[in-house]
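Colleague: Here it is, the structure, as structure tokens.
The values are calculated or read from the model by the stated rules, or taken from the named source; none is laboratory data. Since we're looking at a predicted model, the values are computed, not measured. Because the Cβ atoms are built from the backbone with ideal geometry, glycine has one as well, and the counts that use them run over all protein chains shown.
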Amino acid sequence: MKAHIFLSFLSLAVLTAHLSLADDLESKTSARAEKTAKGMRAQIVSELKKLQNHPWAGEYYAGDGLGVNTTLSIAPKSGFVFEWHGCLGLYDRNYGAVVWTNDHLRLSFTFENKQKGFQGLAPELIPVRWGDRRYLIPADDVAGFCNRVNDASEPRDDVHGLFLLRKGDEKKPVSGSPTVPKAFERYLLSKPIAAEIISVGAYTTRPSAVEWNFKDTLVILNAGTVKGLRPGMELLVTEPANVVESVRIVKVEENQSEAIMTQAGEDEPGPKVGWHVSTRAPWRNLTGKSK
């Protein structure tokens, strides 16, 4: 399904990069670490049974069901256990204490928390409520969560998704908008924003965790703050219909914006003047369901 293209692509990259992470995983996958994680998880589950309608405690999942399967069990007194499983087994594990401060969850990791390649967890998380659903969003990627709401990837109707959602909550209906921090409320759109690429600049490349390079191309869109665009917003290509790419806004003026299209591989074609983009995923209807 097209909605999971990014996650499936990430899974393939995980398979390639897994061997390079083996040395880093030795202590995290030891028998001692396994026993500690199992014991902490049991304590967390026991604590969760005593809590009612807690704003953030719970067992969470994000991933695609293939190479990306991240779980987080977390409770105020018992701390947290984080694991990343994939097609080749355990990719990452960490555990420790959690502190609630200034509407943020701050995690204290036992092992080095490398947010590099296909390891790591955001050290600060923000609980987001959407009806009876509970999400834990990285403090530095609230705009990214809003992008998934705008393109109708969220609220998802199965377990798979980019952001940690409390297990079982994918079956709970929602209405209105999620309760993101006030500074990001304007990132949640009441209707999609459409634009057109009117200029294409030079591209640069940067290395990835595997054998290919990322290709970043600067483009200019014919829409800006007047239409509601903000830095960090993401728009997906709607025309040509056979192109599955997106652009991320980096600078906004009243009636135009600068954006970056990031592609996996220097030989990828595009972007081109005349391409159309929108904050709504082109393969979704107005209810957010895939066509």
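Colleague: Determine, yes or no, whether Ala152 is within 16 Å of the chain's Cα centre (by Cα) and either surrounded by 21 or more Cβ atoms within 10 Å (Cβ to Cβ) or at negative phi (or both).
Modeller: Judged against the criteria, Ala152 is a match.
Every residue, every condition in (1) under 20 Å from Phe145 (Cβ atoms); (2) not charged (D, E, K, R), yes or no:
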{"position": "Glu59", "(1), (2)": "yes, no"}
{"position": "Leu66", "(1), (2)": "no, yes"}
{"position": "Thr70", "(1), (2)": "yes, yes"}
{"position": "Ile74", "(1), (2)": "yes, yes"}
{"position": "Ser78", "(1), (2)": "no, yes"}
{"position": "Cys87", "(1), (2)": "no, yes"}
{"position": "Tyr91", "(1), (2)": "no, yes"}
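Colleague: Would you confirm whether any residue within the stretch 195-203 is touching a residue at least 12 places away in the same chain (Cβ under 8 Å), of a type outside the set (Lys, Arg) and in contact with a Gly (Cβ under 8 Å, 6 or more places away or on another chain)?
Modeller: yes
Colleague: When the stretch 155-184 is examined, which residues are found to be assigned to a loop (DSSP other than H, G, I, E, B) and surrounded by 20 or more Cβ atoms within 10 Å (Cβ to Cβ)?
Modeller: Residues satisfying the conditions are Pro155, His160, Pro178, Val180.
Colleague: Take the residues in the stretch 189-218 that are charged (D, E, K, R) and more than 18 Å from Ser278 (Cβ to Cβ); name whichever of them is surrounded by the most Cβ atoms within 10 Å (Cβ to Cβ).
Modeller: Lys215
Colleague: Can I ask one more? Between residues in the stretch 26-51 that are more than 13 Å from Leu72 (Cα to Cα) and residues that are of a type in the set (Lys, Arg), which pairs lie under 6 Å by C-beta distance while being six or more apart or on different chains?
Modeller: Listed pairs, sorted by first residue: Lys28/Arg93; Glu47/Lys77.
Colleague: Looking at (1) within 20 Å of Asp169 (Cα to Cα); (2) touching a Ser or Thr at 6+ places or on another chain (Cβ under 8 Å); (3) buried (at least 17 other Cβ atoms within 10 Å of the Cβ); (4) of a type outside the set (Phe, Trp, Tyr), can you tell me which one Val98 breaks?
Modeller: Checking Val98 against (1) within 20 Å of Asp169 (Cα to Cα); (2) touching a Ser or Thr at 6+ places or on another chain (Cβ under 8 Å); (3) buried (at least 17 other Cβ atoms within 10 Å of the Cβ); (4) of a type outside the set (Phe, Trp, Tyr), the one that fails is (1).
Colleague: Condition check: within 23 Å of Pro155 (Cα to Cα) and in contact with a strand residue (DSSP E or B) (Cβ under 9 Å, 6 or more places away or on another chain). Does Arg206 satisfy that?
Modeller: The answer is no for Arg206.
Colleague: I'd like to know if the stretch 142-153 contains one or more residues that are in a loop (DSSP other than H, G, I, E, B) and under 15 Å from Phe184 (Cβ atoms).
Modeller: No, the stretch 142-153 contains no residue that is in a loop (DSSP other than H, G, I, E, B) and under 15 Å from Phe184 (Cβ atoms).
Colleague: If I filter the stretch 55-95 down to residues being surrounded by fewer than 22 Cβ atoms within 10 Å (Cβ to Cβ) and at positive phi, which single residue comes out as nearest to the chain's Cα centre (by Cα)?
Modeller: Only one residue fits best here, namely Gly63.
Colleague: Still on this model: Going by the conditions given, is Leu229 in a loop (DSSP other than H, G, I, E, B), within 21 Å of the chain's Cα centre (by Cα), at pLDDT 95 or above and not assigned by TED's automatic domain parsing to the domain that holds His104?
Modeller: yes
Colleague: Any residue in the stretch 246-261 that's surrounded by fewer than 22 Cβ atoms within 10 Å (Cβ to Cβ): show its pairings with residues that are of a type in the set (Lys, Arg) and in a strand (DSSP E or B) at Cβ separation under 8 Å, as long as the two are six or more apart or on different chains.
Modeller: Glu258/Lys251; Ile260/Arg248
Here is a yes/no grid of residues against (1) among the aliphatic types (A, V, I, L, M); (2) touching a strand residue (DSSP E or B) at 6+ places or on another chain (Cβ under 8 Å):
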position: Arg230; (1), (2): no, yes
position: Leu235; (1), (2): yes, yes
position: Glu239; (1), (2): no, yes
position: Glu245; (1), (2): no, yes
position: Ile249; (1), (2): yes, yes
position: Glu253; (1), (2): no, no
position: Met261; (1), (2): yes, yes
position: Gly265; (1), (2): no, yes
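Colleague: Among the numbered criteria (1) in a helix (DSSP H, G or I); (2) over 25 Å from Val149 (Cβ atoms), which one does Leu218 miss?
Modeller: (1)
Colleague: Specify which of the listed residues (Arg134, Arg106, Arg93) is without any contact (Cβ under 8 Å) to a residue 24 or more places away in the chain and either among the charged types (D, E, K, R) or assigned to a strand (DSSP E or B) (or both).
Modeller: Among Arg134, Arg106, Arg93, only Arg106 is without any contact (Cβ under 8 Å) to a residue 24 or more places away in the chain and either among the charged types (D, E, K, R) or assigned to a strand (DSSP E or B) (or both).
Colleague: Of all residues in the stretch 250-285 being in a strand (DSSP E or B) and among the charged types (D, E, K, R), which is nearest to the chain's Cα centre (by Cα)?
Modeller: Arg284
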